[in-house]
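Everything below concerns the one structure shown next.
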Amino acid sequence: MADYIYAVSSMRYGTPTGIATMPGSLTALPDTVKGSITVEETEGTLTRFEVDQKKDPIRVIKSAEGEFTLTAQFYDMTFTNLASFKGGSATTGTGGTFTPSVDYTTVDKALEINFVSGHKMEIYNGSCVARMTGGGGRDKMLAWELKITPMVTTNLLGVYKFTAATGV
């Protein structure tokens with residue numbers, strides 16, 4: 001029987017544990033911009049070993065895996081979320097502010113992505129890059145985009161995993 005994964009229902013994040021487990025406490029990300037979520041894995045790199053006497057290679061090996069990325073956009077400009085993923089500082093409440101970092105900021109987070117299909121994806125240690133996008137016209141809204149690239153855990157035992165829906 002086929003098993004389909006579809007429709008992100010929620011995304012949450014926390015501080016990586018350093019091992020192939022999720023943190024006990026996760027913070028919800030806002031609703032995503034419709035159609036903005038992409039999950040992609042580029043093709044890996046192949047190295048060809050050739051000899052002068054043959055037109056085809058004598059051996060082809062994979063020398064690098066492809067890069068896996070998950071990208072999502074959010075209209076909700078809650079300043080604490082921006083500061084969590086862009087660096088910088090945020091204040092909340094009436095007159096809240098967001099001031100981006102003035103330096104290069106490295107942001108690593110654990111992320112949990114839940115799907116309407118009942119599946120779950122856990123990224124134990126993701127390199128996160130956030131940027132502003134969109135517009136401010138009558139037919140556009142300012143958004144921020146988050147790009148996550150999973151990295152191996154500190155103990156080298158995991159990157160990410162999918163969990164099947166119950167009953168599948």
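Points to keep in mind about this one:
- Of the strands (runs of 3 or more DSSP E) lying entirely inside the stretch 5-86, those containing at least 1 residues that are within 22 Å of T163 (Cα to Cα) span 8-14, 38-41, 68-74.
- Residue satisfying all of: in the stretch 130-146; hydrophobic (A, V, I, L, M, F, W, C) and under 19 Å from V39 (Cβ atoms); surrounded by the most Cβ atoms within 10 Å (Cβ to Cβ) among these: L146
- Residue satisfying all of: in the stretch 14-43; under 16 Å from the mean Cα position of the chain (by Cα) and under 14 Å from K120 (Cβ atoms); surrounded by the fewest Cβ atoms within 10 Å (Cβ to Cβ) among these: V39
- Filter result for the condition that a residue is over 25 Å from E41 (Cα atoms), surrounded by fewer than 16 Cβ atoms within 10 Å (Cβ to Cβ) and in contact with a strand residue (DSSP E or B) (Cβ under 9 Å, 6 or more places away or on another chain), over S101, S127: S101
- Restricting the stretch 56-98 to residues that are among the small types (G, A, S) and surrounded by 16 or more Cβ atoms within 10 Å (Cβ to Cβ), the residue that is farthest from V39 (Cα to Cα) is A90.
- Among the residues of the stretch 80-115, those that are at positive phi and under 21 Å from the mean Cα position of the chain (by Cα) comprise G87, G88.
- Just one of the numbered conditions (1) among the small types (G, A, S); (2) more than 17 Å from T27 (Cβ to Cβ); (3) surrounded by 15 or more Cβ atoms within 10 Å (Cβ to Cβ) is not true of A164: (3).
Every number here is computed from the coordinates shown, using simple stated rules; none is lab data. Keep in mind that what you see is a predicted model, and the values were worked out from it rather than measured. Reconstructed Cβ throughout: ideal geometry from the backbone, glycine too, with neighbour counts over all protein chains shown.
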